[in-house]
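The values are calculated or read from the model by the stated rules, or taken from the named source; none is laboratory data. No experiment lies behind these values; they were computed from the predicted model shown. Heads up, the Cβs are rebuilt from the backbone with ideal geometry, glycines too, and the neighbour counts pull from every protein chain shown. For the accessible areas, the whole protein counts, side chains as well, though only heavy atoms, and no ligand, DNA or RNA atoms are used. Shrake-Rupley method; radii C 1.70, N 1.55, O 1.52, S 1.80 Å.
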Amino acid sequence: MVRLAWNLNRRGLRAAVDLPLKTEPVLMVTRTATASLRVMAYCAKGTWVYTWGRGRDQQVRALADDAAERIWEVAQ
């Protein structure tokens, strides 16, 4: 998540890793002054995946070359 946050920051987006006490970490990507995109990570079949919604088009392998690009497109 930290690597993703840096990659999004290089593309001009503000991103911060939130580490709540009782839930899973989440990457908060600022979209507007009042809205953020929540990116979560989970392990599926031994592969880490980022997800920002429920659909198949709203997830990408964490180590995919285009992971930051896909999330950047959504956050614009």
For this session: Pick out the one residue from V74, V49 that is in contact (Cβ under 8 Å) with a residue 12 or more places away in the chain, more than 14 Å from A5 (Cα to Cα) and in a helix (DSSP H, G or I).
Result: V74
Problem set entry | Whichever residue in region 5-23 is assigned to a loop (DSSP other than H, G, I, E, B) and over 13 Å from the mean Cα position of the chain (by Cα) and, among such residues, is surrounded by the most Cβ atoms within 10 Å (Cβ to Cβ) | R11
For this session: Among the residues of region 62-71, write down those that are in a helix (DSSP H, G or I) and more than 13 Å from T51 (Cα to Cα).
Result: E69
Exercise. Within region 31-46, how many residues turn out to be free of Cβ contacts under 8 Å to residues at least 24 places away in the same chain, open to solvent by 100 Å² or more (accessible area, probe 1.4 Å) and outside any strand (DSSP E or B)?
Worked result: 3
For this session: Would you check which residues across region 52-61 are outside any loop (DSSP other than H, G, I, E, B) and open to solvent by less than 70 Å² (accessible area, probe 1.4 Å) and list them?
Result: Q58, Q59, V60
For this session: May I ask you to list the residues in region 26-42 that are under 14 Å from the mean Cα position of the chain (by Cα) and over 17 Å from A68 (Cβ atoms)?
Result: Y42
